[in-house]
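Coordinate-derived values only; no laboratory data. Just so it is clear, the model here is predicted, and its values are computed rather than measured. Using ideal geometry, Cβ is built from the backbone for each residue, glycine included, and neighbour counts are taken over all protein chains shown.
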Amino acid sequence: MLEIGLEFRKGILFVRLSGELSKHTTHILQSEVTEMILQNGIQNVVFNMEQLKSIDMKGMSSLLYHYEICKNRKGNCYICNISNEWIYLKLKKNRILNYIHEMDSELTVLQAVTV
């Protein structure tokens, strides 16, 4: 199961993921987050992974898809609070962190991004 918390602050959409981001749950991300980004012209997105328990290849592809949306809108995509070591290693091994900026926390992103 995937639960998503959303908050829009200072031109940044904060997406708080809880549970698992997998082939069984990416449709939830698509319906809730992607639609919001596209309909509202959002450029900067932060995925907070503090409560994320697992991720698979489809979940990582979904993150890259959102990175591409942000990039095409001249914005940025960030990941913060990766608390699960297994998820961190998986993101690193699959080079996701070569594209999506990793930050310590949402506050760090707010301080770094000037909108």
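Would you work out the relative contact order for the chain, in percent, from Cα pairs under 8 angstrom that are 6 or more residues apart?
About 25 percent, as a whole number.
Could you work out the local net charge near Ile4, counting Lys and Arg as +1, Asp and Glu as -1, over the other residues with Cβ closer than 9 Å to its Cβ?
Result for the neighbourhood of Ile4: -1.
Net charge around Asp56, counting only other residues with Cβ within less than 11 Å of its Cβ (Lys, Arg = +1; Asp, Glu = -1)?
Net local charge, Asp56 excluded: +2.
Let me spell out the model: positive unit charges on the Cβ of Lys and Arg, negative unit charges on the Cβ of Asp and Glu, origin at the Cα centre of the range 30-115. What dipole size does that give, in debye rounded to 20?
360 debye
Cross-link partners among lysines for Lys58, C-alpha distance below 26 Å, same-chain residues fewer than 8 apart left out?
Answer for Lys58, where 26 Å is the Cα cut-off: Lys23, Lys71, Lys74, Lys90, Lys92, Lys93, listed by chain and number.
5 Å is the cut-off here: which amide hydrogens, built 1.01 Å from N in the peptide plane, fall below it relative to Gln51, excluding neighbours closer than 5 in sequence?
Leu17
With Cβ to Cβ distances under 13 Å as the rule, what net charge do the other residues near Gly41 carry (K, R +1; D, E -1)?
+1
Unpartnered cysteines of the chain (Cβ-Cβ under 4.7 Å counts as a partner)?
So far as the 4.7 Å Cβ criterion goes, Cys80 stand without a partner in the chain.
Between Leu52, Leu21, Leu89, which gets the highest mean-square fluctuation from a Gaussian network model of the chain, Cα cutoff 10 Å?
Top of the fluctuation ranking is Leu89.
At 7 Å along Cα-to-Cβ for each site, give me the label-to-label distance between Lys71 and Leu107 in nm.
Once both label points are built, they end up 3.1 nm from each other.
Under a GNM of the chain (C-alpha, springs under 10 Å), which listed residue has the highest mean-square fluctuation: Asn40, Asn76, Asn48?
Asn40
Counting just the Cα atoms, what span does the range 1-79 cover along each of its three principal axes? Round to the nearest Å and put the largest first.
For the range 1-79, the Cα extents along the three principal axes come out at 29, 21, 19 Å.
Using a 10 Å Cβ count of at most 14 others and DSSP loop calls, identify the longest part of the chain lacking such trypsin sites (Lys or Arg not before Pro).
24-73
Antiparallel DSSP bridges in the chain: what percent, to the nearest 5?
Within the chain, antiparallel bridges account for around 35 percent of the total.
Quick check on the chain: helices-only [θ] at 222 nm, where DSSP H runs of length 4 and up contribute -39,500 (n - 2.57) each and the sum goes over total residues. Nearest 500, please.
After summing the helix terms and dividing by the residues of the chain, the value is -10000 deg cm²/dmol.
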